[in-house]
Structure formats: structure tokens, C-alpha cells
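*Asks:* One structure, pasted below without further comment.
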Amino acid sequence: MDYRIIILSIIAMILIGALSKKIGLLKEEDVETLNNIVINISLPCMIFSALYTADVSLLPRLSILTVHMLITSLIVGILTYSLLYFLGWDKRKIWSIVIVVVLGNTGFLGYPITQGIFGNEGMIRAVFCDISTSIIFVILSFILILIFDGEFKVAIRKILTFLPLWSIILGIAFNVFNIPITSLGTTVVDYLAGATIPLIMISLGLSLKMDGLRNHFKEAGLASMIKLVIYPLIGLGVLGLLNITGFEHTIGFIEAAMSSAMIGLVLAITYKLDWELTSDCIFTSTVFSLVTIPIFLMFIL
């Protein structure tokens, strides 16, 4: 499908969410409910379905996409931390930005774009890119515990109850060991998976606040520049370094161009960082990504 139609469709669904809040059809507090449905039900089904039906022979090859995203995030994270430390920012503020630039919205935004343009084959590769987000989330949790004395048990519980991570494990396991889920199971999973993208976009529209473009404008602008321009360009270099070509190269670059992940706000709140700054950066990068992503797509499609 034409990527322009996909982007316009995504924008339309986001606007439906924003309009629903404006006219009182939905409330901002409904975001938490919608996100819980997505994270705990529909998104795990979507990931499981993609991996369960994937060609098993592709799995070892596609794991390089996870490595690609991890290396890119590591490089960008180190560069961002070094830059902000040099500028004299305080520790909490630095980490509030670092989590924004290393955690990409490879799932909530990446899945709709890759699936819409490339179908299930694109979605499978996007899942392997998104695995890195789960790994980085775990790594950051432990780092922030060590730095800011967070509760170790809380971090472990959040990691162990993160259902999208389990859907990756189970999707691959059921595929590799050829475990049947019956026609009924397949139908239910597919129905629930189909709700993911609309719910994500409507939730995103409900959560958008214009304050993000006014508060912390300089910090949010810097974070967005790093996340939406520097990150994908470094990602492009890493793709070349790892000799990733063809379809995997295309999906890897598209996923590297995604905006900041909303899950970063969970870390900011849990470890008492400057969560308002993190929230404003996520919002700003999301808005600007609706311009930068189509530009990148123009050059690779």
C-alpha cells in the first residue's frame, strides 16, 4: 500500500482521538484504559500472531535487526549523555532525555507503518526491531535503580509482567515446536490483534497536549533532533556496518526513524526523573515524526 495513504490514515486516527477528547466523547483519563488494553491484550496478540505464523527459517537471520537497534541505541545514548554532561545538565535531567532518545516507538508507531506498507512480512521484521525496545527497557531499569536507588523488586515485577515480552517468547516457542492453538484460538488472536492499531492511534490522539511544544521547548527540540535525525542516520551507518541489506535494511531504517516510545514515561515516573520533561519530549518527537518519517520514506521507497 502507498506509504502516503498509511501516514494519512495514522494521522486521521490520531485526530479522531484528539477530536473525541475535544467534544467529550472520550476523556484524557481513558488513555490509561486504552493503553492497558493494548499492552496487555491486543498488542501481545498482534506480536504472537506475527511470530507464530512466521517462516521459522527466517528467525536466526532476522535477529540481526535486534542487534542493529541495540547498537544504534547504545551509540546514541552514549553520545547524548556525553553532550548533556558537557553542557552541565544535572543527572536527573540528563537521564530524562537519554531514555527519550534510546527508546523508540518501534511498536506503537512502527507496527502500523510497516504492516500497512509491507504487510505481515514487514510486521515480522518490525517485531525483531521492537525486541530491542524491551531489552533496553530492562537495561535502563537496572541502570536507573543503581543510580537513583529505585526498588529492585518493583523493576523485576514490571519486567516479568510485561506481556509483549512474553508474547515474543511464546510466539517463537509455539512456532519452533509447532504447538497448535486450534482454529478458535487463531480466530480470537487475529480479532484481538486487529484492534491494536486503531486503539494505539486513538490513545495517542487522546494523550497529545500542546504544552509539549511550549514547555521545555529547547530541551524537547534537542531531544527530537537527536531522536528523529541523528538516530536514524547513525542507524543507517550501523546497518552498513552489519552488512544488512535488502528488505531487512529497509525495515531496519524505517524502525530507526520512529519517534520516542511512550513507555519511557513509565521509567521517568518510576525512578522520579523529570517526568514532565520526558513527557514533553515524547509529545514533541511524536508530532515532528509525522513530518520526518514521510520524508525518510520518500527516499527509500
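The values are calculated or read from the model by the stated rules, or taken from the named source; none is laboratory data. This structure is a prediction, so every number in the text was calculated from the model and none was measured. With ideal geometry, Cβ positions are generated from the backbone for all residues, glycine too; neighbour counts draw on all protein chains shown.
*Asks:* Listed residues Leu79, Leu74; which is closer than 27 Å to Gly221 by Cβ and either over 20 Å from the mean Cα position of the chain (by Cα) or in a loop (DSSP other than H, G, I, E, B) (or both)?
*Replies:* Working: Leu74 fails: either over 20 Å from the mean Cα position of the chain (by Cα) or in a loop (DSSP other than H, G, I, E, B) (or both).
Of the residues listed, the single one that is closer than 27 Å to Gly221 by Cβ and either over 20 Å from the mean Cα position of the chain (by Cα) or in a loop (DSSP other than H, G, I, E, B) (or both) is Leu79.
*Asks:* If you don't mind, there's one more thing I want to ask. Just the residues that are outside any helix (DSSP H, G or I) and without any contact (Cβ under 8 Å) to a residue 40 or more places away in the chain, please, taken from the range 210-230.
*Replies:* Met210
*Asks:* Tell me which residues, restricted to the range 86-144, are touching a strand residue (DSSP E or B) at 6+ places or on another chain (Cβ under 7 Å), of a type in the set (A, V, I, L, M) and not in a helix (DSSP H, G or I).
*Replies:* The answer is Leu103, and nothing else.
*Asks:* So, in the range 234-244, exactly how many residues are part of a helix (DSSP H, G or I) and surrounded by 15 or more Cβ atoms within 10 Å (Cβ to Cβ)? It would help to see each step written out before you state the result.
*Replies:* Within the range 234-244, the subset part of a helix (DSSP H, G or I) is 234-241.
Subsequent filtering for residues that are surrounded by 15 or more Cβ atoms within 10 Å (Cβ to Cβ) retains 234-236, 238-239.
Counting residues in the range 234-244 that are part of a helix (DSSP H, G or I) and surrounded by 15 or more Cβ atoms within 10 Å (Cβ to Cβ) gives 5.
*Asks:* Looking at Leu184, Leu192, Leu199, Leu233, which is the one that is out of contact with any Cys (no Cβ under 7 Å at 6 or more places or on another chain) and touching a residue at least 12 places away in the same chain (Cβ under 8 Å)?
*Replies:* Values: Leu184 fails: touching a residue at least 12 places away in the same chain (Cβ under 8 Å); Leu192 fails: out of contact with any Cys (no Cβ under 7 Å at 6 or more places or on another chain); Leu233 fails: touching a residue at least 12 places away in the same chain (Cβ under 8 Å).
None of the others qualify; the one that does is Leu199.
*Asks:* Now for a different question. With Ile143, Ile159 as the choices, which residue is at pLDDT below 80 and more than 15 Å from the chain's Cα centre (by Cα)?
*Replies:* Details: Ile143 fails: at pLDDT below 80.
So the residue among Ile143, Ile159 that is at pLDDT below 80 and more than 15 Å from the chain's Cα centre (by Cα) is Ile159.
*Asks:* Specify the residue that is farthest from Ile64 (Cα to Cα); the eligible residues are those in the range 93-120 that are over 17 Å from the mean Cα position of the chain (by Cα) and crowded, with 16+ Cβ neighbours inside 10 Å.
*Replies:* Lys93
*Asks:* Another question, then. Hey, Leu265 hits all of (1) within 15 Å of Val98 (Cα to Cα); (2) in contact with a Lys or Arg (Cβ under 7 Å, 6 or more places away or on another chain) but one; which does it fall short on?
*Replies:* Result: Leu265 passes all but (2).
*Asks:* Identify the residue in the range 71-92 that is hydrophobic (A, V, I, L, M, F, W, C) and buried (at least 19 other Cβ atoms within 10 Å of the Cβ) and, among all such residues, is nearest to Phe148 (Cα to Cα). Don't jump to the end; show me each part of the working.
*Replies:* Step one: filter the range 71-92 for residues hydrophobic (A, V, I, L, M, F, W, C), giving 71, 74-76, 78-79, 83-84, 86-87, 89.
Applying the additional criterion that residues be buried (at least 19 other Cβ atoms within 10 Å of the Cβ) yields 76, 84.
On the way: Val76: 22, Leu84: 18 Å.
Out of the qualifying residues, it is Leu84.
*Asks:* Taking the residues in the range 70-125 that are polar (S, T, N, Q) and in contact with an Asp or Glu (Cβ under 6 Å, 6 or more places away or on another chain) as candidates, determine which candidate is nearest to Ile143 (Cα to Cα). Please lay out each step first, then the result.
*Replies:* Going residue by residue through the range 70-125, those that are polar (S, T, N, Q) are 72-73, 80, 82, 96, 105-106, 114-115, 120.
Then drop every residue that is not in contact with an Asp or Glu (Cβ under 6 Å, 6 or more places away or on another chain), which leaves 96, 106.
Numbers: Ser96: 13, Thr106: 22 Å.
Restricting to residues being polar (S, T, N, Q) and in contact with an Asp or Glu (Cβ under 6 Å, 6 or more places away or on another chain), the top hit is Ser96.
*Asks:* Looking at this structure, is Ile71 closer than 23 Å to Leu290 by Cα and in contact (Cβ under 8 Å) with a residue 60 or more places away in the chain? Show your work before the answer.
*Replies:* On the way: closer than 23 Å to Leu290 by Cα: no; in contact (Cβ under 8 Å) with a residue 60 or more places away in the chain: yes.
No.
*Asks:* Kindly list the number of the only condition in (1) under 19 Å from Leu84 (Cα atoms); (2) crowded, with 17+ Cβ neighbours inside 10 Å; (3) modelled with pLDDT of 85 or more; (4) of a type outside the set (A, V, I, L, M) that fails for Ser289.
*Replies:* (1) is the only condition that Ser289 fails.
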